[in-house]
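Worksheet: one structure, shown below.
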Amino acid sequence: MKNLFTLILSVLVVAPAFAAKVPMPSDMPKSYEAECASCHMAYPPGLLSEKSWQNVMSGLNKHFGTDASLDAKDQKEISVWLQNNAATKKKYNVVAPENRITKTSWFIREHDEIKADVWKRAGVKSPANCGACHTTAAEGIFSEKSISIPAK
């Protein structure tokens, strides 16, 4: 009976917590932080599929409306690292529409209760600004326990 209780507890409490963790691999190249995180948070590569990362990295000259071109060495280093650490879980391992994390079905499902005006608040700015609401986003933890939505 104790084992059954432990199993039920782990499925109801622990499993959702693990589902909200997409850790940053410890071998993150310095170029990723220097180049990518200089404009936005350093997204954990496990949030997109290998193909989506290929698409993102092959289109840096028009990276979501900005020219984010890199020198060949940094582009290759970051591309290889992102693809090697891309999503493998079925939930994340699909080609994201427009190669945007925020356009994936899992992202939309997780944020369906957020009203459109929240994304426009000065403290949030856009759905891509994970750290605005997820206080532990930089560590790859997106659990509901770490959410603090800016009032303005």
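What follows draws every value from the coordinates through simple rules; no lab data is involved. What you see is a predicted model, and the numbers here were worked out from it, not measured in a lab. Cβ: placed from backbone, ideal geometry, glycine included. Neighbour counts: every protein chain shown.
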- Message: Give me a comma-separated list of calculated 3J(HN,Hα) values for the range 114-121, in order, Karplus coefficients 6.51, -1.76, 1.60 applied at θ = phi - 60°, integers in Hz, x for any Gly or Pro.
- Response: 7, 6, 4, 5, 5, 5, 8, 4
- Lysine pair count for the range 56-130 [Cα-Cα under 18 Å; pairs on different chains or 8 or more apart]: 9
- Item | ILE141 long-range amide H proximity, modeled H, under 5 Å | VAL22
- Message: Of the listed values (i) 93; (ii) 130; (iii) 113, identify the label whose number matches volume of the Cα convex hull per residue in Å³ calculated from this model.
- Response: (ii)
- Query: In the Gaussian network model of the chain, springs joining C-alpha atoms below 10 Å, which of GLY46, GLY65, GLY140 carries the largest mean-square fluctuation?
  - Reply: GLY65
- Please sort 111-121, 70-80 by packing, taking for each peptide the average over its residues of neighbouring beta carbons within 10 angstrom, highest first. 70-80, 111-121
- Item | Given charges at beta-carbon only (K, R positive; D, E negative), |dipole| of the range 48-152 in Debye | 240 debye
- Taking H placed 1.01 Å from N in the peptide plane, check which residues at least 5 places from ILE114 or on another chain put their amide H under 5 Å from its amide H. none
- Query: Tell me, in nm to one decimal, what length is gained between ASN93 and SER148 on full extension, where the rule is 0.36 nm per residue of separation less the Cα-Cα distance?
  - Reply: 17.0 nm
- Query: What residues qualify as long-range amide H neighbours of HIS63, i.e. H under 5 Å apart, gap of 5 or more or another chain, H built at 1.01 Å from N?
  - Reply: ALA68
- Obtain the nm distance between the two label points defined at ALA138 and CYS39 by a simple spin-label model: each point lies 7 Å from its Cα along the Cα-to-C-beta direction. 2.1 nm
- Task: Please give the net charge around LEU47, taking every other residue with its beta carbon less than 13 angstrom from that of LEU47, where Lys and Arg add +1 and Asp and Glu add -1.
- Result: +3
- Query: Which residue, ALA87, ALA37, ALA138, has the most motion in a Gaussian network model of the chain that connects Cα atoms within less than 10 Å?
  - Reply: ALA37
- Item | For the chain: relative contact order, % (alpha-carbon pairs under 8 angstrom, 6 or more apart) | 25 percent
